[in-house]
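Here the structure comes first, spelled out in structure tokens, and everything after it is commentary.
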Amino acid sequence: MPSFPPKEKTTVCFAHVAYQLAARFALRNTGVQHFQVWNRDDMLARIGEADVLVCSMMWHDDALARSPRLGFVQSVGAGTDQFPKDKLKARGVRLASARGVNVRAVSEHALGLILALTRRLGEARDNQMKRHWRGMISDIGAREDELGGKTIAIVGLGGIGDRLAHLCKALDMRVIGLRSDPAKGKGHADEVHGIKALSQALPQADIVALCCPLTPETERLIGAKELGLMKPSAYLVNVARGKVVDEPALVQALSQNRIAGAGIDVTAEEPLAPTSSLWSMPHVILTPHTAGETQKYEDNVVDVLLDNLARLWRGEGELRNQVV
Ligand code: GLV
């Protein structure tokens, strides 16, 4: 098990395809040695130089064999489902999530998808591109709708789900919260239940929003049976992980109009295969795993990282957002 080095001997590797983590870290003038790699090959080639890896989707299990110095992995994302927690633990490598850094972004994105679906903004944009001024709709069920008085079931009531609950309460909605440990409280929701109460919540919901981490309990939580319990007028919104949903079952439910539509930021495989029917369904709004994007992202991650580095240098046992 590598012991964690003092500040002057610590080297941090930032590994991200887009985020300017090293540049924003440098602005903090910590004097801590660091470098950034922008692709997985370079990460695997240089991981041996680092005591700390700041990384999210670029992770690869091969990194462990190549990183004798590695003592701490700071995830850039809220989710840590891609990291081999048992192997990290066996090697004595600590892991912390960046939970909290994208709470505002993801909850606002979820609300954006909900509003886009109910206000039919995707259709409006498609019509705009065709220079088509759509007339008013006589069929009441086919018209745009308002959210006040509607019920949302939010699966996952952590920071993101709870902020979405707060935003939905501001829109006069009824909020049913579902979380793995309901004893943690209902937050801004009107009521909270364990995940097992999903089948009772689904028939009540006009919108089902997935905001939970991907865990054995949530993997394929929404399958054909659950989609069948939703109202035909209801929308599914997924800002969690694609694998929380049985994607073929979702495609089938959407193609048979068994639910009204979906707002999807995450898919089972990313990027989504060009052959997927989800691309072209008129009642689907698809965003490319961008719910967490914000211009504050790097600075938010650096705040968590610096807190955790300080704890490690002080030899503290507990990290912020500790996972391993
Ligand atoms: C994004 O998906 C994250 O896990 O933060």
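The values are calculated or read from the model by the stated rules, or taken from the named source; none is laboratory data. This one's a predicted model, so the numbers in the text were calculated from it and none came from an experiment. Every residue, glycine among them, receives a Cβ derived from its backbone with ideal geometry; neighbour counts consider all protein chains shown. Only protein heavy atoms, including side chains, enter the accessible area calculation; ligands, DNA and RNA are left aside. Shrake-Rupley method; radii C 1.70, N 1.55, O 1.52, S 1.80 Å.
List of remarks:
- Computed from the C-beta positions of GLN204 and ASN29, the FRET efficiency with R₀ = 45 Å rounds to 0.25.
- Between GLN252 and ALA90, the simple spin-label model (points 7 angstrom out along Cα→Cβ) gives 3.8 nm.
- Amide H to amide H, with H built 1.01 Å from N, LYS231 comes under 5 Å of ALA205, counting only residues 5 or more places away or on other chains.
- Accessible area (Å², per residue) of the chain, counting only protein heavy atoms and a probe of 1.4 Å: 49
- For the set LYS150/LYS186; LYS150/LYS225; LYS9/LYS89; LYS9/LYS296; LYS85/LYS184; LYS196/LYS231, the pairs lying more than 26 angstrom apart at their alpha carbons are LYS9/LYS296.
- Rounded to the nearest 20, the size of the Cβ-charge dipole of the chain about its Cα centre is 320 debye, with Lys and Arg at +1 and Asp and Glu at -1.
- Extended-chain gain in nm, criterion 0.36 nm per residue less alpha-carbon gap, ARG220 and TRP279: 19.2 nm
- DSSP loop GluC sites (Glu not before Pro) with at most 11 other Cβ within 10 Å: longest gap in the chain: 1-145
- Label-to-label distance, THR290 versus ALA197, with points set 7 angstrom from Cα along the beta-carbon direction: 3.6 nm.
- Under 5 Å, built H, 5+ apart or other chain: amide partners of THR11: ASP51, VAL52
- Proximal aspartates and glutamates relative to LYS169, as straight alpha-carbon distance under 19 Å, when same-chain residues fewer than 8 apart are discounted: GLU108, ASP145, GLU146, ASP190, GLU191, ASP206
- Shown in residue order for region 57-74 are the 3J(HN,Hα) couplings computed by the Karplus curve 6.51 cos²θ - 1.76 cosθ + 1.60 at θ = phi - 60°: 6, 6, 4, 9, 4, 4, 4, 4, 5, 9, 10, x, 8, 4, x, 8, 10, 9 Hz (x for Gly and Pro).
- Given 10 as the ceiling on other Cβ atoms within 10 Å, longest exposed-site-free region of the chain for trypsin sites (Lys or Arg not before Pro) in DSSP loops: 144-313
- For the chain, the share of accessible area belonging to carbon and sulfur comes to 52 percent (1.4 Å probe, ligands and nucleic acids excluded).
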